[in-house]
Amino acid sequence: MGNKAIVIGASSGIGLEVAKILTNQGWRVGVAARRVELLQRIGADAVEKIDVTTDDATEALQRLINKLDGMDLFFYASGIGKQNRELTEDIELATVQTNGIGFTRMIGAAYRYFVNQGSGHIAAITSIAGTKGLGPAPAYSATKAMQNVYLQALEQQAYSRGLNIRFTDIRPGFVDTALLSGDFRYPMMLRPEKVAQEIVYAINHCHHIRVIDWKYRILTAVWRRVPRWIWRRLTLTIAVVAILSYMSVTATPYSRLLW
């Protein structure tokens, strides 16, 4: 693996922590985000302001790659999400704009770069929210499912074309970042520092899909098996509690629930 990494969405949360770890591991790191003033604290080798929702985002990415003199790893951590039970239009559309169009724009740019280069590694944070439709956040869970499938499709395409491009789909559970701030307290919250460590491990070991952490690997494996007629009757909290209760009663080994 090469040693030049670009981190998109590095101003806070998971992206920030991953950039720090890669820097400490000896990678040359270029970082980007909308809030460029927050990127100076990372001590990265190159910095660029990038808003993934704008038409010039791919040009800004190329500038960042030029500053770093190349790219071997493209790590994408940008995204937004908000509970929206009222289905407020601007929230839903902004989520699709960032998590759908912005994601497609930037992942596509990295893919084309690696095709021309002849090799590379694309890693992106999606979410366990793409496993099932989550009623409190419709656009968020829908765009995360889209991201899962998009990465899968590109991986298949790269393999069929004989391209040396690797993919790692990172699917965290609920992480204690600004994305999940608010009055509602999500269950089983993870610390971004711990999540970042597991992400870098997955990247270094070329994992195709990594659900973080083990509790969420169990949870999502069970979610997949919940019939639709039951799922639509569950709230998010009830779904989590019910599955954890099931695990404690049956003592189901988590290894048997992984997919």
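Values quoted throughout were computed directly from the atomic coordinates according to the rules given, and no laboratory measurement underlies them. What you see is a predicted model, and the numbers here were worked out from it, not measured in a lab. Using ideal geometry, Cβ is built from the backbone for each residue, glycine included, and neighbour counts are taken over all protein chains shown.
Using the per-residue mean of other Cβ atoms lying within 10 Å as a proxy for protection, in what order, highest first, do the peptides 4-16, 162-174, 50-62 fall? Please report the intermediate quantities before stating the final value.
On the way: 4-16: 25.3, 162-174: 19.8, 50-62: 17.1.
The most tightly packed comes first, giving 4-16, 162-174, 50-62.
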Neighbourhood net charge (12 Å Cβ-Cβ; Lys/Arg +1, Asp/Glu -1) for residue 95: -1
With θ set to phi - 60° and the Karplus curve 6.51 cos²θ - 1.76 cosθ + 1.60, what are the ³J(HN,Hα) couplings of region 192-208 in order, to the nearest whole Hz, using x for Gly and Pro? x, 5, 5, 4, 4, 4, 5, 5, 5, 4, 5, 5, 5, 9, 6, 5, 7
